[in-house]
Amino acid sequence: MLRVKDLHVAYGQSEALHGISFSSAKKETVAIMGRNGMGKTTLFKSLIGILPIKSGSVHVGDQDITHDESFRRVAKGIAYVPQGRMIFPLLTVEENIKTGLENSKNKIIPEDIYAMFPVLWEMRRRKGGNLSGGQQQQLAIARALATDPRILLLDEPTEGIQPSIIKDIAHALNEIRKLRDITIIVSEQVLSFALDVADRLFVIEGGRMVHETARQDTDQDHIKAYLSV
Ligand SMILES: Nc1ncnc2c1ncn2[C@@H]1O[C@H](COP(=O)(O)OP(=O)(O)OP(=O)(O)O)[C@@H](O)[C@H]1O
Ligand SMILES: [Mg+2]
């Protein structure tokens with residue numbers, strides 16, 4: 001479904017990604033693990049088209065989207081939940097979710113959204129800014145799912161979130177996979193969360209993929225060594 005080949009991305013003269021390759025199948029969830037500053041956000045921004053790709057390619061199915069603008073990638077079924085969530089604090093929960101539907105034909109929130117995130121149904125009339133961090137993260141994911149994407153990019157969804165809510169988010173992601181044909185790419189530093197949701201785990205270090213493993217074969221100590229400073 002998603003094929004990333006030899007991706008090089010730079011900030012001005014300074015290259016941050018030095019040839020990233022990976023792919024992900026339909027209905028598969030892939031975790032990209034890595035410490036702070038290793039290139040996770042740079043990778044996600046280049047996949048959604050916020051950062052230009054210097055060389056390499058990105059394919060969705062058989063379509064080459066390497067040089068597409070962000071809105072075209074969204075139209076082709078990619079949704080992105082940025083690090084830090086970026087919800088609209090003054091809009092209600094319901095209005096926040098509807099911003100994800102701006103360009104869709106029917107502006108109705110799919111029913112399964114509230115089924116996946118019951119807390120958002122309870123809070124649908126509250127302002128986004130009055131939600132807890134964990135609830136805002138669920139809102140950001142719900143907004144991305146409102147467009148019924150084929151590929152969901154989640155950049156560090158558990159950052160700064162308490163363990164019980166991390167479990168809720170893992171549960172919701174696993175529900176989404178049962179309900180929809182969706183490929184999920186998630187960046188993470190929390191190994192237990194990655195093991196709860198991902199079929200395969202990659203480790204990114206210094207802008208390079210340095211390790212790949214299937215969930216069932218994961219050597220947890222080996223990955224923890226990459227994640228600790
Ligand atoms: N706007 C920018 N200009 C120049 N360099 C940048 C910029 N943003 C990130 N970098 C550099 O690119 C590298 C990768 O950063 P990136 O934000 O992708 O890491 P990350 O894995 O997402 O880290 P974190 O876990 O802290 O979010 C770092 O060396 C960082 O300093
Ligand atoms: Mg980041």
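Checking every residue in segment 32-46 against the condition of being in a strand (DSSP E or B) and buried (at least 21 other Cβ atoms within 10 Å of the Cβ) gives at least one match.
Identify all residues within segment 51-66 that are in a loop (DSSP other than H, G, I, E, B) and modelled with pLDDT of 95 or more; write none if there are none. Within segment 51-66, Leu51, Pro52, Ile53, Lys54, Ile65, Thr66 meet the criteria.
Would a scan of segment 1-18 turn up a residue that is under 16 Å from the mean Cα position of the chain (by Cα) and either in a loop (DSSP other than H, G, I, E, B) or modelled with pLDDT under 95 (or both)? Scanning segment 1-18 turns up at least one residue that is under 16 Å from the mean Cα position of the chain (by Cα) and either in a loop (DSSP other than H, G, I, E, B) or modelled with pLDDT under 95 (or both).
Could you identify the single residue in Gly37, Gly49, Gly100, Gly77 that is within 16 Å of ligand 1 (Cβ to nearest atom), small (Gly, Ala, Ser) and in contact (Cβ under 8 Å) with a residue 24 or more places away in the chain? None of the other options fit; the residue is Gly49.
None of Ile87, Ile65 is of a type in the set (A, V, I, L, M), within 21 Å of Ala142 (Cβ to Cβ), within 18 Å of the chain's Cα centre (by Cα) and more than 16 Å from ligand 1 (Cβ to nearest atom) except Ile87. For segment 194-210, what are the residues that are more than 16 Å from ligand 1 (Cβ to nearest atom), among the charged types (D, E, K, R) and in contact (Cβ under 8 Å) with a residue 40 or more places away in the chain? Selection gives Asp199, Arg200.
If you go through segment 194-210 and keep only what is assigned to a loop (DSSP other than H, G, I, E, B) and either outside the structural domain of Lys45 (by TED's automatic domain parsing) or of a type in the set (D, E, K, R) (or both), you end up with just Asp199.
Checked against (1) part of a strand (DSSP E or B); (2) within 10 Å of ligand 1 (Cβ to nearest atom); (3) open to solvent by 10 Å² or more (accessible area, probe 1.4 Å), Ser21 passes all but a single condition, namely (2). All conditions but one from (1) without any contact (Cβ under 8 Å) to a residue 60 or more places away in the chain; (2) of a type in the set (Val, Ile, Thr); (3) under 21 Å from Ile169 (Cβ atoms); (4) crowded, with 20+ Cβ neighbours inside 10 Å apply to Val119; the one that does not is (4).
A residue that is touching a residue at least 24 places away in the same chain (Cβ under 8 Å), part of a helix (DSSP H, G or I) and among the aliphatic types (A, V, I, L, M) can be found somewhere in segment 211-224.
Only one of the listed residues (Glu69, Glu95) is open to solvent by 50 Å² or more (accessible area, probe 1.4 Å) and in the same structural domain as Thr158 (by TED's automatic domain parsing). That residue is Glu69.
Name the single residue that is farthest from ligand 1 (Cβ to nearest atom) among those in segment 174-193 being assigned to a loop (DSSP other than H, G, I, E, B) and over 17 Å from Ile78 (Cβ atoms). Here the residue is Val190. Taken as a whole, the condition of being under 20 Å from the mean Cα position of the chain (by Cα), away from ligand 1 (no atom under 16 Å from the Cβ), over 27 Å from Gly133 (Cα atoms) and modelled with pLDDT under 95 does not apply to Lys105.
The values are calculated or read from the model by the stated rules, or taken from the named source; none is laboratory data. Here the structure is a predicted model, which means the values were calculated and not measured. Counting neighbours? That spans all protein chains shown, and the Cβs are built from the backbone with ideal geometry, glycine included. Please note that ligands, DNA and RNA were not included when accessible areas were found on the heavy atoms of the full protein model with its side chains. Shrake-Rupley method; radii C 1.70, N 1.55, O 1.52, S 1.80 Å.
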